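Everything on this sheet refers to the single structure shown next.
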């Protein structure tokens, strides 16, 4: 009965209002390229200091959820992920928009985000303490293999040439090594400048590689950049629900992947979405459609990235270890409100914690109608704006968003440079997705590899370190499945047909 | 000759660039510690192998050339020039003034039809509204210190 009182506490008019405001504000910030979920939470956190702790947490959770979801708008409509979590959404979202199904893609993204968000929030509510142990079981070598699992996606993203995709991924991994090394502290590939010492920011690379090539091609022809159907089709909710129901296992699997990866400190929504995407493609009966506008790709990416919100709160609340950068800021806000995170939190401050958990579920449910309305508005705006205003609008947002990351014009120059190189590579058949895959997964792969190598060398068991741990073996098996399953399945199908 | 049978010039260029990058990484990483060099060298090795494979495949005509994109090369070049000019102007004219000019210039590059005076007025208003509203949002609400520019005492 006590838990019911926390549920009622979460439903006060003020909390509902805060959840609505948080979702709307977060979605708008998340939709703007360059403004990440972390930035949305950081900027809006001080506004919650005057609120009751439970209400403040609901507002922050709603902002965070909304920002992760909002990233899909620009990913689908202008091929630029609003936040890094939406990288994998561009793979199928933009092709869907280009062929005239942008409205359906936005509704699918909304449904998937709500589904993933609910799975993550329910896991937080019911399974937080046991799931927190998963975070502690992950060592450097598991992170390394997780990155390798993500890198297997290069086979899917290479658009016909695995060699070119591998080269693109190699470029991305090398871009990720620029700056001060995470382990060892060497200053690498900075060409004598101060600008590159901190490395190449993922969002700078994302905006440059995804958005600038689209912009360059946008002005080259008078045609609209996405196809617009003359008939009014509304939200296409029925169609999206049918697709979602047919892909319910994909949705559930991706949501669970997102929740588990959200639990792992420093992994985050981008990695969760990429791995869920790879798994969805592996399990699909039509893997060839991925990357060409497959609804399953959007469902996998969006459900996984929103599931990381609830998953990330598990180690934050139970261990005091933030799962994502945004969780770290929320952890700071918790301390300001006098909430002491740790194993005893659920006993000592259960009222605040359970009110927050129910509030997170409430915010996620509210995201369904709010997201549909906001998505519809974004879609109508993008198709109604003439190209002579849309192109400079996108250019302005890319420059402004890139500058805002570090308040640096050097970052803007770097973004334009990467964009130009990305466009040239794309012309030669190297798509931007494998490059971005390398940029995102490079740091986690390098850190995991070097740390595991050090520990293995010190203990005299290098082979056992890389191949002797149960979780590592599971991830290696998953990576092998992603790589070889489609070929094996084709071979078996061919044999059956021959028989 | 089928497209698949044609030499993939773009592929050859990418392969040569990748070989150059891999070589540079090996050369530069001589100065790094073993911890700092192991990963870049490994990646450069894989990059070099993939580049060699691509070079051979492209020269033998086994690699399919990328599809040619339609559209105006002149407008693409103009956009690149405008974006570079926009960013170069910021330290002198400030973010607001250079963005108003840059927004206008990109709009001109993306304009395909003749506009009546009313449309010009609408475009000018849209430019001012978009740039000023986002400038105010970022400086006032999000507290992002956008450059004022040397011309305006920044």
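The values are calculated or read from the model by the stated rules, or taken from the named source; none is laboratory data. The structure presented is a predicted model; accordingly, all values stated were derived computationally and were not measured. Counting neighbours? That spans all protein chains shown, and the Cβs are built from the backbone with ideal geometry, glycine included.
For this structure, a couple of remarks:
- Boolean, residue B:20 is surrounded by 16 or more Cβ atoms within 10 Å (Cβ to Cβ), within 18 Å of residue A:173 (Cβ to Cβ) and under 24 Å from the mean Cα position of the chain (by Cα): no
- A single entry from B:51, B:22, B:7, B:78 fulfils the requirement of being more than 18 Å from residue A:435 (Cβ to Cβ), modelled with pLDDT of 90 or more and in contact with a helix residue (DSSP H, G or I) (Cβ under 7 Å, 6 or more places away or on another chain): B:78.
- Filter pass, residue A:440 being within 12 Å of chain B (Cβ to nearest Cβ) and either under 23 Å from residue B:37 (Cβ atoms) or modelled with pLDDT under 85 (or both): no
- Within region B:117-154, the only residue that satisfies the criterion of being more than 8 Å from every other protein chain (Cβ to nearest Cβ), at positive phi and exposed (fewer than 14 other Cβ atoms within 10 Å of the Cβ) is B:153.
- Taking the conditions (1) at the interface with chain A (Cβ under 7 Å from one of its Cβ atoms); (2) more than 30 Å from residue B:125 (Cβ to Cβ); (3) not in a helix (DSSP H, G or I) in turn, residue B:71 satisfies each one other than (2).
- A Cβ distance below 8 Å, combined with a sequence gap of six or more or placement on separate chains, defines the contacts here; from region B:90-108, residues that are in contact (Cβ under 8 Å) with a residue 60 or more places away in the chain reach residues that are outside any helix (DSSP H, G or I) in the pairs B:94/B:146; B:94/B:147; B:94/B:148; B:94/B:149; B:94/B:154.
- Looking across region B:16-50, the residues that are at the interface with chain A (Cβ under 7 Å from one of its Cβ atoms), farther than 20 Å from residue A:166 by Cβ and assigned to a helix (DSSP H, G or I) come down to B:28, B:35, B:36.
- Checking residue A:225 against (1) more than 9 Å from chain B (Cβ to nearest Cβ); (2) under 25 Å from the mean Cα position of the chain (by Cα); (3) more than 30 Å from residue A:369 (Cβ to Cβ), the condition it does not meet: (3)
- Identity of the residue in region A:247-297, free of Cβ contacts under 8 Å to residues at least 24 places away in the same chain and in a helix (DSSP H, G or I), that ends up nearest to residue A:134 (Cα to Cα): A:248
- A search for C-beta distances below 6 Å between a residue of region A:74-88 that is buried (at least 24 other Cβ atoms within 10 Å of the Cβ) and any residue that is not in a helix (DSSP H, G or I), counting only pairs 6+ apart in sequence or on different chains, returns A:74/A:33; A:74/A:80; A:74/A:82; A:75/A:81; A:80/A:33; A:82/A:33; A:83/A:36; A:87/A:81.
- Scoring residue A:135 on the criteria (1) within 20 Å of the chain's Cα centre (by Cα); (2) crowded, with 24+ Cβ neighbours inside 10 Å leaves a single failure, condition (2).
- Meets criteria (surrounded by fewer than 24 Cβ atoms within 10 Å (Cβ to Cβ) and either closer than 20 Å to residue B:36 by Cα or within 9 Å of chain B (Cβ to nearest Cβ) (or both)) for residue A:167: no
- Count - residues of region B:91-111 that are within 19 Å of the chain's Cα centre (by Cα) and farther than 19 Å from residue B:129 by Cα: 1
- Boolean, residue B:61 is at pLDDT below 90, assigned to a loop (DSSP other than H, G, I, E, B) and more than 8 Å from chain A (Cβ to nearest Cβ): yes
- Residue in region A:241-263 that is surrounded by fewer than 19 Cβ atoms within 10 Å (Cβ to Cβ) and under 15 Å from residue A:323 (Cα atoms) present: no
- Residue ranges of helices (runs of 4 or more DSSP H) in region A:314-432 with at least 1 members over 23 Å from the mean Cα position of the chain (by Cα), away from chain B (no Cβ under 14 Å) and at pLDDT below 90: A:325-336, A:345-348, A:350-384
- For region A:146-180, residues that are outside any helix (DSSP H, G or I) and at pLDDT below 90 total 6.
- Subset of region A:277-289 that is surrounded by 23 or more Cβ atoms within 10 Å (Cβ to Cβ) and farther than 16 Å from residue A:248 by Cβ - its residue that is farthest from the chain's Cα centre (by Cα): A:281
- Every residue from region A:197-230 that is surrounded by fewer than 17 Cβ atoms within 10 Å (Cβ to Cβ) and within 22 Å of residue A:390 (Cβ to Cβ): A:221, A:222, A:223, A:224, A:227, A:228, A:229, A:230
- Qualifying residue in region A:269-276 (condition: touching a helix residue (DSSP H, G or I) at 6+ places or on another chain (Cβ under 6 Å), within 14 Å of chain B (Cβ to nearest Cβ) and surrounded by 17 or more Cβ atoms within 10 Å (Cβ to Cβ)): no
- For residue A:185: the one exception among (1) within 14 Å of another protein chain (Cβ to nearest Cβ); (2) under 30 Å from residue B:40 (Cα atoms); (3) not in a loop (DSSP other than H, G, I, E, B): (3)
- The residues of region B:105-116 that are part of a loop (DSSP other than H, G, I, E, B) and either surrounded by 14 or more Cβ atoms within 10 Å (Cβ to Cβ) or within 11 Å of chain A (Cβ to nearest Cβ) (or both), listed by number, are B:110, B:111, B:112, B:113, B:115.
- Scanning region B:87-104 for residues that are at the interface with chain A (Cβ under 9 Å from one of its Cβ atoms), closer than 20 Å to residue A:386 by Cβ and surrounded by 19 or more Cβ atoms within 10 Å (Cβ to Cβ) yields B:99, B:102, B:103.
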